[in-house]
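Following: one structure in structure tokens, then a few remarks.
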Amino acid sequence: MSDLLFRPLEAGESDLFHRYGALPASGVGARALSFEKLDYRPEWVWVALRGDEVVARAGFWGPPGSRHPFSLDWFDPGSGPDRIEVGAELLRAAYAALVTPGYTAPSGARPDYHLFLPSDWRERPDAFADASDRIAAAEKAGLRQSVERLNLRWIPEYGLPPRSTRLTFTPVLDEETMVDLLARIAEGSLDHWDQRNLAEKGARATALETVAEVAAMPGGRGRWRLARDASGALVGIVMPTRNSRTATIGYVGVDPVHRGHGYADDLATEAMHIFVAEGELEVNDNTDVGNAPMAASFARIGYRITGRRLILV
């Protein structure tokens, strides 16, 4: 590795990043937006140079105004026989520089790695090989596989399901009612992050963290809704919002005592109606592969799978 130089870009050096070449034809790592539109900061984008040749690259991302990158979501380890070692060394250098003593981000003690994948990546030899290279390099650098998620999209052309007639939705006005409900939902959640936070911090802390994270998104709190059935019992909550680029359901959950009745469909559909009324042209969401009930709910109300995302931490 003595012939390699690992360094971040300087302002105006985006051409250096592109000198690496194109993304794999398999679709591994492909994004809906271009590198330029994803707004990477030069100091968070790293390259491995062998002379003038860019042999590996890594892009870390954080929302506008963040002090630290939240995630690694663009990583190409190269194609040479030493690509795993080169990719791993690039990540070690980048993480060492970016994860300073004051590092903070929602994902934990360092940026997690989001590997964007075709939905059938395990069945296609080309995609499996390209994904395996990136996973091997990341693991050699010290990351470990955490969870795989389905990326989902809905647009009005797919059809808007009718609004629920069995639930009544009201704005979230009572903070304590909301937190208590979220704590109960976390206790039986199939979501990987809920399970992890529950084990580490307990139900109430998990609920408070959910509120803080969704409230920090650009969409604010104005669309959040509590749902009650005909008897007035609190059934669940949906938190429609926006991230930096698109509408998204920040959180949706059903109280464990009311599960098994398909209420997740009603909750997510309410969010879709709110988005359509506000003129949103598309909604992008995701759910864990292991959360089969939520994946089935999204499918029933018209969402389509656009790919998968493997997260390493």
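The values are calculated or read from the model by the stated rules, or taken from the named source; none is laboratory data. Just so you know, these numbers come straight off a predicted model, no measurement behind them. Cβ sites come from the backbone with ideal geometry, for glycine too, and all protein chains shown count toward neighbours.
Residues are listed down the side, and each one gets a yes or a no for (1) small (Gly, Ala, Ser); (2) in a helix (DSSP H, G or I); (3) free of Cβ contacts under 8 Å to residues at least 12 places away in the same chain:
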| residue | (1), (2), (3) |
| --- | --- |
| 153 | no, no, no |
| 185 | no, yes, no |
| 195 | no, yes, yes |
| 212 | yes, yes, yes |
| 240 | no, no, no |
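Just need a number here: residues in the stretch 80-111 that are among the β-branched types (Val, Ile, Thr) and at pLDDT below 95.
Restricting attention to the stretch 80-111, the residues satisfying the condition of being among the β-branched types (Val, Ile, Thr) are 84, 86, 99-100, 104.
In the following step, the residues that additionally are at pLDDT below 95 were identified as 100, 104.
Residues meeting the conditions: 2.
Among what's in the stretch 34-79 and is of a type in the set (D, E, K, R) and touching a strand residue (DSSP E or B) at 6+ places or on another chain (Cβ under 9 Å), pick the residue that is modelled with the lowest pLDDT.
Just the residues of the stretch 34-79 that are of a type in the set (D, E, K, R), to begin with: 36-37, 39, 41, 43, 50, 52-53, 57, 67, 73, 76.
Narrowing further to those that are touching a strand residue (DSSP E or B) at 6+ places or on another chain (Cβ under 9 Å): 39, 41, 43, 50, 57, 73, 76.
On the way: 39: 92, 41: 97, 43: 97, 50: 96, 57: 98, 73: 96, 76: 98.
The extreme case among them is 39.
Going by the conditions given, is residue 134 assigned by TED's automatic domain parsing to the domain that holds residue 66, among the basic types (Lys, Arg) and crowded, with 16+ Cβ neighbours inside 10 Å? Let's see the steps before the verdict.
Numbers: assigned by TED's automatic domain parsing to the domain that holds residue 66: yes; among the basic types (Lys, Arg): yes; crowded, with 16+ Cβ neighbours inside 10 Å: yes.
Taking the combined requirement at face value, the residue satisfies it.
Would you check which residues across the stretch 152-196 are at pLDDT below 95 and within 20 Å of residue 265 (Cβ to Cβ) and list them?
Hits for the stretch 152-196 are 188, 189, 190, 191, 194.
Among the residues of the stretch 227-277, which ones are hydrophobic (A, V, I, L, M, F, W, C), surrounded by fewer than 21 Cβ atoms within 10 Å (Cβ to Cβ) and more than 28 Å from residue 38 (Cβ to Cβ)?
Matches in the stretch 227-277: 230, 233, 234, 257, 277.
Within the stretch 40-51, which residues are assigned to a loop (DSSP other than H, G, I, E, B) and either over 17 Å from the mean Cα position of the chain (by Cα) or touching a residue at least 40 places away in the same chain (Cβ under 8 Å) (or both)?
In the first step, residues of the stretch 40-51 are kept if they are assigned to a loop (DSSP other than H, G, I, E, B); the result is 40-41, 51.
Within the stretch 40-51, 41, 51 qualify.
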